[in-house]
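Here the structure is laid out as structure tokens; the discussion comes afterwards.
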Ligand code: SF4
């Protein structure tokens, strides 16, 4: 199967319109985004931007020119050699949405929380090389041992959804809500507060999706809140409703709405919070009646799926089964046959009968990989446009080679270090999630996991990628 990177190259170079990409940035070399003033979506201002002291003309954060010029074959040879030298000193994690050319080198493939857990199975590894996006590397750092280093090969690999809820806006919203509901915005609800105050309900419980910065996870930890994933969102909301009158859910409005609706919360009791408007654009009366206050955030990949695409799939493929991710808009989730986390989608496909036709509403790299792993089934992406997660796409083999060779030389390039105080509070919110919706820590590779497809432009992969078998998350 042609890789997403190859398809993008063909469409952008030839100008083909039959299959186009969703984002013109995808035509740019990955390193074109480095060292821009904002340094890419999701990049934290707290990250130390690396500087190549051997090259005075290089912009901070830029991939060294030598790596930009290397052929795919040379990069592959360097990655394999560095890996071999480093051996068990490192573990490489590859997200489901990562390009095949990167997944081919991963020790574990999974969703964000699965991968953070998978890293825990390798406590002796000095470095966790996280081929995902910024918030995922932060979560790995929060859960890792103090001595372990977490590397994000390209610091410009962020998550546009995570960026839609920044600490400042959430803190400001919290203060406004405190005035409306009459609570002390500065009150800390520490780890054992609920146990010491049984039966007491807080006016608002903050719930953050895993796809958020460490600072927001810490915000939830400090204010009686919790983290959720796309697979445990319902259990987490039940936990929150036992302890609070209502929930402030961020950053993804769609996951919040789809989950609460399935639990029977009426849409009228789910006002949207727009951080650029007073009271989020609501009246006090609307907020009084609210059960779930939805932050105005979304995933730019999943919001592209439409009911028209589902109608077209059903018309062109009678009998097709449609499965989508709950980050998709509500009408799409309602029109699908099933909705759930990346792990649920993976299992849905694996368990479908041979000969099944399945249309999937999630990131295209994952869909193409599932299609390659299940040649006995017809599997396609609902969106006809090539739309990978464009920030995750910034992890190019050039960065992997550069960061791995740095490790060989004893240099921690692009290390993600969460402030210890932030990590402590974020861990409280993560611990609440684990207690509410247990997911085994220290995930293990699935015994019969399929090998990852070989890198499209490189020789055979150095090691088979394994899918972790812990609970699903995003
Ligand atoms: S797919 Fe969406 S939510 Fe996931 S990392 Fe990319 S932008 Fe963020």
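Computed from the coordinates by the stated procedures, all read-outs in this text should not be read as laboratory data. Note that the structure is predicted; figures quoted are calculated from it, not measured. As a convention, Cβ positions derive from the backbone with ideal geometry for all residues, glycine included, and neighbour counts pool all protein chains shown.
Values for this structure:
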read-out: Global form of the range 164-295, assessed from the alpha-carbon gyration tensor, a/c cut-off 1.5; value: rounded
read-out: Exposure proxy ranking, count of Cβ atoms within 10 Å, fewest first, for 201, 69, 217, 303; value: 69, 201, 303, 217
read-out: The range 238-370 - convex hull of the alpha-carbon atoms, volume per residue in Å³; value: 123
read-out: Rg ratio (alpha-carbon, reference 2.2 N^0.38 Å) - the range 302-381; value: 0.97
read-out: Per-selection Rg to Rh, the range 68-132 - Cα, Kirkwood hydrodynamic radius; value: 0.99
read-out: Between the range 201-219 and the range 397-431, the alpha-carbon center distance in angstrom; value: 22
read-out: Length-normalised contact order of the range 93-180 in % [C-alpha pairs under 8 Å, at least 6 apart]; value: 24
read-out: Reduced Cα scattering model of the range 116-187, Debye log10 I(q)/I(0), q = 0.12, 0.15, 0.24, 0.27 Å⁻¹; value: -0.50, -0.65, -0.96, -1.12
read-out: Viscosity 1.306 mPa s, temperature 10 °C, Stokes-Einstein D of the range 245-318 from Kirkwood C-alpha radius, µm²/s; value: 116
